[in-house]
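First the structure, in the form of C-alpha coordinates, and then the observations on it.
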Amino acid sequence: MTHRSRTQRLALLSASTALVTAGLLPSTTAFAAPPHRAAVASRAAPTPTPAPTASTAESVKTTDPPSGITAELPGKAKVRAGTIPMEGGSIDARVYGLDTPDGATGFGVYDMPGDRLSLEDALKGFVDAYSLMGGGTLTSSNAHKTTVDGRPALDATLTGKDGDESTVGSIRLISDDDHLVMAVTIGPEENEKALDAMHQQLLDSLQIP
(Lines give C-alpha, C1' and ligand atoms only; values in the text may rest on other atoms or scores of the structure.)
Protein backbone atom coordinates (compact mmCIF):
# COMPACT_ATOMS: atom_id res chain seq x y z
CA MET A 1 0.00 0.00 0.00
CA THR A 2 1.46 3.35 -0.97
CA HIS A 3 1.81 6.15 1.55
CA ARG A 4 -0.67 8.21 -0.44
CA SER A 5 -3.36 5.52 -0.50
CA ARG A 6 -2.85 4.77 3.18
CA THR A 7 -3.22 8.45 4.04
CA GLN A 8 -6.30 8.73 1.85
CA ARG A 9 -7.94 5.74 3.50
CA LEU A 10 -7.19 7.07 6.96
CA ALA A 11 -8.57 10.49 6.06
CA LEU A 12 -11.77 8.96 4.73
CA LEU A 13 -12.24 6.77 7.78
CA SER A 14 -11.57 9.72 10.06
CA ALA A 15 -14.06 11.96 8.29
CA SER A 16 -16.74 9.30 8.12
CA THR A 17 -16.27 8.36 11.74
CA ALA A 18 -16.96 11.96 12.67
CA LEU A 19 -20.43 11.44 11.28
CA VAL A 20 -21.12 7.77 11.90
CA THR A 21 -20.01 7.77 15.53
CA ALA A 22 -22.06 10.83 16.41
CA GLY A 23 -24.34 8.68 18.53
CA LEU A 24 -21.39 7.63 20.72
CA LEU A 25 -20.32 11.12 21.75
CA PRO A 26 -21.72 12.73 24.91
CA SER A 27 -24.87 14.76 24.36
CA THR A 28 -22.99 18.00 25.07
CA THR A 29 -20.94 17.44 21.90
CA ALA A 30 -22.06 18.71 18.49
CA PHE A 31 -23.72 15.83 16.64
CA ALA A 32 -22.97 16.92 13.08
CA ALA A 33 -19.90 17.94 11.13
CA PRO A 34 -20.10 20.48 8.30
CA PRO A 35 -20.91 18.65 5.03
CA HIS A 36 -17.64 19.72 3.36
CA ARG A 37 -15.60 17.87 5.98
CA ALA A 38 -16.66 14.39 4.97
CA ALA A 39 -17.47 12.58 1.75
CA VAL A 40 -20.04 10.27 3.31
CA ALA A 41 -23.34 9.30 1.78
CA SER A 42 -25.92 9.09 4.55
CA ARG A 43 -28.76 6.61 4.29
CA ALA A 44 -31.53 5.18 6.36
CA ALA A 45 -30.12 3.35 9.34
CA PRO A 46 -31.18 -0.23 10.02
CA THR A 47 -33.30 -0.83 13.06
CA PRO A 48 -31.30 -2.55 15.81
CA THR A 49 -32.85 -5.82 16.81
CA PRO A 50 -33.45 -6.00 20.57
CA ALA A 51 -33.94 -9.27 22.38
CA PRO A 52 -37.59 -10.10 23.20
CA THR A 53 -36.77 -9.22 26.79
CA ALA A 54 -33.72 -7.53 28.25
CA SER A 55 -31.39 -9.78 30.20
CA THR A 56 -31.64 -7.36 33.11
CA ALA A 57 -33.71 -4.28 33.80
CA GLU A 58 -30.84 -2.13 32.54
CA SER A 59 -29.44 -4.29 29.74
CA VAL A 60 -30.75 -4.68 26.19
CA LYS A 61 -29.25 -7.15 23.75
CA THR A 62 -28.77 -5.27 20.48
CA THR A 63 -28.09 -6.94 17.13
CA ASP A 64 -26.61 -5.46 13.99
CA PRO A 65 -28.94 -7.13 11.45
CA PRO A 66 -26.57 -7.29 8.44
CA SER A 67 -23.72 -8.95 10.33
CA GLY A 68 -25.42 -10.66 13.26
CA ILE A 69 -22.95 -9.02 15.66
CA THR A 70 -24.54 -8.44 19.08
CA ALA A 71 -23.80 -6.69 22.36
CA GLU A 72 -25.69 -5.79 25.51
CA LEU A 73 -26.22 -2.07 26.01
CA PRO A 74 -27.72 -0.27 29.02
CA GLY A 75 -30.84 0.78 27.12
CA LYS A 76 -32.27 1.07 23.61
CA ALA A 77 -29.58 2.08 21.13
CA LYS A 78 -29.72 4.88 18.60
CA VAL A 79 -28.31 4.00 15.18
CA ARG A 80 -26.07 6.05 12.89
CA ALA A 81 -25.25 4.66 9.44
CA GLY A 82 -23.19 5.81 6.49
CA THR A 83 -21.52 4.72 3.28
CA ILE A 84 -17.79 5.41 3.18
CA PRO A 85 -16.02 5.79 -0.20
CA MET A 86 -12.72 3.92 -0.33
CA GLU A 87 -10.39 2.66 -3.02
CA GLY A 88 -11.98 -0.25 -4.82
CA GLY A 89 -15.53 0.72 -3.79
CA SER A 90 -17.49 1.99 -0.82
CA ILE A 91 -18.21 0.30 2.50
CA ASP A 92 -21.21 0.51 4.80
CA ALA A 93 -20.84 1.38 8.49
CA ARG A 94 -23.28 1.33 11.39
CA VAL A 95 -22.89 2.43 15.00
CA TYR A 96 -25.28 1.48 17.82
CA GLY A 97 -24.90 3.76 20.84
CA LEU A 98 -26.68 5.61 23.59
CA ASP A 99 -26.20 8.22 26.27
CA THR A 100 -26.45 7.21 29.92
CA PRO A 101 -26.26 9.36 33.07
CA ASP A 102 -22.55 8.43 33.28
CA GLY A 103 -21.54 8.82 29.64
CA ALA A 104 -21.97 7.18 26.24
CA THR A 105 -21.36 3.62 25.07
CA GLY A 106 -21.90 1.48 22.01
CA PHE A 107 -20.41 -0.54 19.19
CA GLY A 108 -19.78 0.01 15.49
CA VAL A 109 -19.57 -2.35 12.53
CA TYR A 110 -17.66 -1.49 9.34
CA ASP A 111 -18.44 -3.83 6.43
CA MET A 112 -14.90 -4.49 5.25
CA PRO A 113 -12.22 -7.07 5.99
CA GLY A 114 -10.68 -6.13 9.31
CA ASP A 115 -7.16 -6.22 7.88
CA ARG A 116 -7.96 -3.69 5.15
CA LEU A 117 -6.88 -0.97 7.56
CA SER A 118 -4.53 -1.56 10.45
CA LEU A 119 -6.06 -1.37 13.93
CA GLU A 120 -3.54 1.33 14.82
CA ASP A 121 -4.71 3.46 11.88
CA ALA A 122 -8.34 2.84 12.79
CA LEU A 123 -7.63 4.04 16.33
CA LYS A 124 -5.91 7.15 15.00
CA GLY A 125 -8.89 7.73 12.73
CA PHE A 126 -11.30 7.68 15.66
CA VAL A 127 -9.16 10.03 17.74
CA ASP A 128 -8.71 12.47 14.83
CA ALA A 129 -12.44 12.37 14.06
CA TYR A 130 -13.38 13.34 17.60
CA SER A 131 -12.02 16.84 17.12
CA LEU A 132 -13.95 17.17 13.85
CA MET A 133 -17.11 16.67 15.88
CA GLY A 134 -16.35 19.72 17.99
CA GLY A 135 -15.79 17.55 21.04
CA GLY A 136 -12.52 19.14 22.06
CA THR A 137 -9.22 17.25 21.96
CA LEU A 138 -8.85 13.52 22.39
CA THR A 139 -5.77 11.33 22.72
CA SER A 140 -5.21 7.61 23.09
CA SER A 141 -2.74 5.88 25.39
CA ASN A 142 -1.90 2.44 26.77
CA ALA A 143 -2.67 0.88 23.40
CA HIS A 144 -1.95 -2.82 23.41
CA LYS A 145 -2.70 -5.71 21.12
CA THR A 146 -4.77 -8.67 22.23
CA THR A 147 -7.03 -11.31 20.73
CA VAL A 148 -10.78 -11.86 21.01
CA ASP A 149 -11.87 -15.40 20.14
CA GLY A 150 -8.73 -15.68 18.02
CA ARG A 151 -9.31 -12.38 16.23
CA PRO A 152 -6.67 -9.60 16.38
CA ALA A 153 -7.78 -6.71 18.61
CA LEU A 154 -6.44 -3.45 19.96
CA ASP A 155 -7.42 -1.89 23.30
CA ALA A 156 -6.65 1.70 24.27
CA THR A 157 -7.47 4.31 26.89
CA LEU A 158 -9.01 7.62 25.79
CA THR A 159 -8.51 10.99 27.48
CA GLY A 160 -9.61 14.41 26.35
CA LYS A 161 -10.35 18.02 27.16
CA ASP A 162 -13.26 20.21 26.10
CA GLY A 163 -12.79 23.57 27.74
CA ASP A 164 -12.74 22.92 31.49
CA GLU A 165 -14.27 19.46 31.11
CA SER A 166 -12.09 16.35 31.20
CA THR A 167 -13.15 13.25 29.27
CA VAL A 168 -12.08 9.64 29.75
CA GLY A 169 -12.99 6.41 28.02
CA SER A 170 -11.94 3.12 26.49
CA ILE A 171 -11.99 1.68 22.98
CA ARG A 172 -11.52 -1.79 21.51
CA LEU A 173 -11.07 -2.42 17.78
CA ILE A 174 -11.42 -5.98 16.46
CA SER A 175 -10.31 -7.28 13.07
CA ASP A 176 -12.71 -9.89 11.67
CA ASP A 177 -12.60 -11.61 8.28
CA ASP A 178 -15.56 -9.55 7.05
CA HIS A 179 -15.77 -6.58 9.43
CA LEU A 180 -13.90 -4.03 11.48
CA VAL A 181 -15.67 -3.88 14.84
CA MET A 182 -15.41 -1.02 17.32
CA ALA A 183 -16.53 -0.89 20.97
CA VAL A 184 -16.36 2.50 22.70
CA THR A 185 -17.30 3.97 26.08
CA ILE A 186 -16.64 7.62 26.86
CA GLY A 187 -17.78 10.26 29.34
CA PRO A 188 -16.84 12.77 32.07
CA GLU A 189 -13.74 12.00 34.13
CA GLU A 190 -15.69 12.07 37.41
CA ASN A 191 -17.64 9.01 36.20
CA GLU A 192 -14.54 6.98 35.38
CA LYS A 193 -15.36 3.98 37.60
CA ALA A 194 -18.88 3.69 36.21
CA LEU A 195 -17.56 4.06 32.67
CA ASP A 196 -15.00 1.30 33.23
CA ALA A 197 -17.74 -1.04 34.48
CA MET A 198 -20.00 -0.14 31.55
CA HIS A 199 -17.20 -0.76 29.05
CA GLN A 200 -16.34 -4.11 30.60
CA GLN A 201 -19.98 -5.19 30.27
CA LEU A 202 -19.91 -4.12 26.64
CA LEU A 203 -16.75 -6.14 25.95
CA ASP A 204 -18.00 -9.20 27.83
CA SER A 205 -21.28 -9.21 25.90
CA LEU A 206 -19.92 -8.46 22.41
CA GLN A 207 -20.42 -11.47 20.15
CA ILE A 208 -19.16 -11.82 16.55
CA PRO A 209 -20.61 -14.84 14.69
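Points to keep in mind about this one:
- Computed over the stretch 92-159, the convex hull of the alpha-carbon atoms projects to a mean area of 5.6 nm².
- Using heavy atoms of the protein chains and a probe of 1.4 Å, the accessible area assigned to Glu189 is about 90 Å².
- Projected area, mean over directions - the stretch 64-200, Cα convex hull, nm²: 8.3 nm²
The values are calculated or read from the model by the stated rules, or taken from the named source; none is laboratory data. The structure displayed is predicted, hence computed values, not measured ones. Heavy atoms of the whole protein, side chains included, go into the accessibility calculation; ligands, DNA and RNA do not. Shrake-Rupley method; radii C 1.70, N 1.55, O 1.52, S 1.80 Å.
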